[in-house]
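The values are calculated or read from the model by the stated rules, or taken from the named source; none is laboratory data. Quick caveat, the model's predicted, so the values are computed rather than measured. Every residue, glycine as well, gets a Cβ built from its backbone with ideal geometry; the counts of neighbours run over all protein chains shown. Side chains are part of the model used for accessible areas, which takes the heavy atoms of the whole protein and leaves out ligands, DNA and RNA. Shrake-Rupley method; radii C 1.70, N 1.55, O 1.52, S 1.80 Å.
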Amino acid sequence: MKIAIIGAGITGIAAASILNKAGHQTILFEKSARAGGVWAVGYPGVYLQNTSRQYTLAEFPWPFKPSYHPTAAEILNYLDLAIEGLGLDVRMRTEVTGMDENERGWTLRCRDDSGEREQQFDYVVSAIGQYTEGKHKPAFPGQETFAGEVITERDIGSPDLFRDKRTVVVGFGKSAVDIASMAGAVASRVHHVFRTPRWLIPFSVFGIHYTHLMFCRLTTFFMPCWAHPSRFERFAHRRLGLLVDTFWSFISGLIVLLCKLLGVFKGRAAQRRLDTLIPPHKLTGDLRSAAALTPPDYYRLVADGRIEPCHGEISRFTGATVHLEDGRSLDCDQVVLCVGSEKPRFPFLPGKYRTLLESEDDGVQLYRHVLHPDIPHFACAGYNHGFMHVPAAEIGMIWLCAHLDGDITLPDRDEMLRCIEAIREWKRKHINYEPSRSCAVNTRFQQYLDIMLQELGVSPYRKMPNLLAEIFKQYGAEDYRGVFDEYLSRAKKRKMPLVTLPLDT
């Protein structure tokens, strides 16, 4: 097939790599001047929360040695080299402005520097990502008369922006705690304002990197999920709930301990500030796409008084002052709103299909996190976003290849819609709100990958026959590197198409 891929970030590149290997012809359309997606518009000092080991394409390992947590510059360099090394056809500065459905697939309307043009495709894959829309920038009463600046993280060109300034940072996601830390090092005063404190994942626990703890089956076994791939896992979550709750209570207590230890011998004020950061809700509800690692200096800056956490909500602005709902007033020179991205939008799709994908506040829920049964010749890549994002995007595309080749039989429309709704409702019940809640598998990556691999007829247990490694050892992208070849080898021998498993995912 001739397949258009909209978006040339890591997900679009991964999708093209897999689809090309399956024999399809892909063209990637990127409306900006360079590939890289969200990495091309990141704030200074932004780096990957995950490690380079988890963030690598199956068909193109890192050709240079990156940082353990790669910087945006390293990732952009890697993606440029991947495009060249994989021979991908990427059309930069080309925006897909519309799609017209026809009996052969889609006619895409595109605009580039030379003007408007049309091109026919058999299939379209959207890889626009969860965070491509603008940053949410709510307006507050009196804001138009505020004497300072109101910006988002995308307006920050350098940490010097904060030097000797009185700064208010609003929000509690990754960008908020990163920017509060950045400002705390140089600003004259920093207030970190948030409605709800969130659980922050420590980079290490007593010297053990968090990926060794969270990316092994011993931990992912206890992860609550909308579906569990093995009978033993299903039994544990249905019948041994106390054991599961105890495990997460222990992890929560450990995170609190690591936070509080930074206030030892620093007085009651330091302990009070750190206490403000302890969430009142369960940890598992915050294990979502917006889950953030603790910046190396954040808790220390709070304990030292360089960052003053304020559990509250902005009510209005006057002059050079931000007023909170509880009556507190914060004099400041600048306010940085880090309150999340807008939900994904699909302006290129016909109106009736946009309504299907944009009608929910918490984003797009898809069958197998890949496609919607009511939109023909169309799928999404990367809306199975999670802590193992690149392998998930690639395996989602292998599954799509199986569907396109008739190697897997999907259920009827009503069953797929039931599955979509069941997962959406589970997420709303168990995962705290974010505009992209439905577009992700987040920390449930192991359950998702296991189910998708079983459905493709490939073993999900990538470290076997070494049972100890399978249970205790950290998983990485390299564990999934041979999946497509295994799938193709088995597909050639298969006489009947695969059928989907009776599991929602």
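With respect to (1) within 28 Å of the chain's Cα centre (by Cα); (2) at pLDDT 95 or above; (3) within 19 Å of residue 180 (Cα to Cα), the lone exception for residue 370 is condition (3). The selection criterion, being under 27 Å from the mean Cα position of the chain (by Cα) and basic (Lys, Arg), holds for residue 234.
For residue 3, the requirement of being surrounded by 22 or more Cβ atoms within 10 Å (Cβ to Cβ), assigned to a strand (DSSP E or B) and in contact (Cβ under 8 Å) with a residue 60 or more places away in the chain is met.
The set of residues in the range 341-370 being farther than 28 Å from residue 402 by Cβ and in a loop (DSSP other than H, G, I, E, B) consists of 342, 343, 345, 347, 359, 361, 362. The helices (runs of 4 or more DSSP H) falling completely within the range 182-248 that include 1 or more residues that are modelled with pLDDT under 95, within 24 Å of residue 294 (Cβ to Cβ) and open to solvent by 40 Å² or more (accessible area, probe 1.4 Å) map to 210-214, 217-220.
Here residue 335 meets each of (1) part of a strand (DSSP E or B); (2) β-branched (Val, Ile, Thr); (3) free of Cβ contacts under 8 Å to residues at least 60 places away in the same chain with one exception, condition (3).
Summed over the range 164-181, residues that are among the charged types (D, E, K, R) and assigned to a helix (DSSP H, G or I) total 2. Cβ-Cβ distances below 6 Å connect the following pairs, each with a first residue in the range 215-241 that is within 15 Å of residue 462 (Cα to Cα), a second residue that is open to solvent by 10 Å² or more (accessible area, probe 1.4 Å) and of a type in the set (Val, Ile, Thr), and a separation of six or more residues or different chains: 217/471; 218/471.
Checked against the criterion of being under 24 Å from the mean Cα position of the chain (by Cα) and touching a residue at least 40 places away in the same chain (Cβ under 8 Å), the candidates 39, 62 yield just one match: 39.
Consider the range 97-125. How many of its residues are crowded, with 20+ Cβ neighbours inside 10 Å and modelled with pLDDT under 95? Please lay out each step first, then the result.
Quick first cut of the range 97-125, residues crowded, with 20+ Cβ neighbours inside 10 Å only: 99, 105-106, 108, 110, 121, 123-125.
Narrowing further to those that are modelled with pLDDT under 95: none.
Qualifying residue count, the range 97-125: 0.
For (1) among the aromatic types (Phe, Trp, Tyr); (2) more than 28 Å from residue 43 (Cβ to Cβ); (3) within 23 Å of the chain's Cα centre (by Cα), each residue gets a yes or a no:
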position	(1), (2), (3)
319	no, no, no
324	no, no, no
332	no, no, no
341	no, no, yes
360	no, yes, yes
375	no, yes, no
383	yes, no, yes
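Quick check, is residue 283 modelled with pLDDT under 95, crowded, with 16+ Cβ neighbours inside 10 Å and either closer than 30 Å to residue 203 by Cβ or out of contact with any Pro (no Cβ under 6 Å at 6 or more places or on another chain) (or both)? Yes; evaluated as a whole, the condition is true for this residue.
Here the helices (runs of 4 or more DSSP H) wholly within the range 392-505 that include at least 1 residues being in contact with a Cys (Cβ under 6 Å, 6 or more places away or on another chain) and in contact (Cβ under 8 Å) with a residue 40 or more places away in the chain are 445-455, 467-472.
When you check residue 254 against the structure, is it under 26 Å from residue 167 (Cβ atoms) and modelled with pLDDT under 95, yes or no? Break it down into steps so the answer makes sense when it comes.
Values: under 26 Å from residue 167 (Cβ atoms): no; modelled with pLDDT under 95: yes.
So residue 254 does not fit the description; no.
Could we say that residue 23 is open to solvent by 30 Å² or more (accessible area, probe 1.4 Å), in a loop (DSSP other than H, G, I, E, B) and more than 30 Å from residue 295 (Cβ to Cβ) here? So residue 23 passes the test.
Exactly one residue out of 278, 255 is open to solvent by less than 70 Å² (accessible area, probe 1.4 Å), outside any helix (DSSP H, G or I), within 28 Å of residue 435 (Cα to Cα) and of a type in the set (Val, Ile, Thr), and it is 278.
If you check 152, 71, 94, which single one turns out to be within 21 Å of residue 17 (Cα to Cα), among the hydroxyl-bearing types (Ser, Thr, Tyr) and surrounded by 16 or more Cβ atoms within 10 Å (Cβ to Cβ)? Please lay out each step first, then the result.
On the way: 152 fails: within 21 Å of residue 17 (Cα to Cα); 71 fails: within 21 Å of residue 17 (Cα to Cα).
Only one candidate passes the filter, namely 94.
Is it the case that residue 272 is modelled with pLDDT under 95 and either open to solvent by 40 Å² or more (accessible area, probe 1.4 Å) or touching a Ser or Thr at 6+ places or on another chain (Cβ under 9 Å) (or both)? Working first, answer last.
Working: modelled with pLDDT under 95: no; either open to solvent by 40 Å² or more (accessible area, probe 1.4 Å) or touching a Ser or Thr at 6+ places or on another chain (Cβ under 9 Å) (or both): yes.
No: the conditions fail for residue 272.
Of all the numbered requirements in (1) within 17 Å of the chain's Cα centre (by Cα); (2) at pLDDT below 90, residue 44 misses one, and that requirement is (1). Does residue 303 count as touching a strand residue (DSSP E or B) at 6+ places or on another chain (Cβ under 8 Å) and either more than 25 Å from residue 200 (Cβ to Cβ) or without any contact (Cβ under 8 Å) to a residue 60 or more places away in the chain (or both)? Taking the combined requirement at face value, the residue does not satisfy it.
Would you mention how many residues in the range 34-68 are surrounded by 15 or more Cβ atoms within 10 Å (Cβ to Cβ) and in contact with a His (Cβ under 9 Å, 6 or more places away or on another chain)? Break it down into steps so the answer makes sense when it comes.
Of the residues in the range 34-68, the ones surrounded by 15 or more Cβ atoms within 10 Å (Cβ to Cβ) are 34-60, 62, 66.
Still in the list and also in contact with a His (Cβ under 9 Å, 6 or more places away or on another chain): 47-52, 54-55.
Final tally of qualifying residues: 8.
Going by the conditions given, is residue 425 among the charged types (D, E, K, R) and over 30 Å from residue 341 (Cα atoms)? Quick ask: steps written out before the conclusion?
On the way: among the charged types (D, E, K, R): yes; over 30 Å from residue 341 (Cα atoms): no.
No: the conditions fail for residue 425.
The condition (being in contact with a helix residue (DSSP H, G or I) (Cβ under 8 Å, 6 or more places away or on another chain), closer than 23 Å to residue 173 by Cβ and either free of Cβ contacts under 8 Å to residues at least 12 places away in the same chain or of a type outside the set (A, V, I, L, M) (or both)) is satisfied by just one residue among 315, 341, 252: 252.
Please work out if residue 17 is open to solvent by 40 Å² or more (accessible area, probe 1.4 Å) and either under 23 Å from the mean Cα position of the chain (by Cα) or of a type in the set (Lys, Arg) (or both). No, not satisfied.
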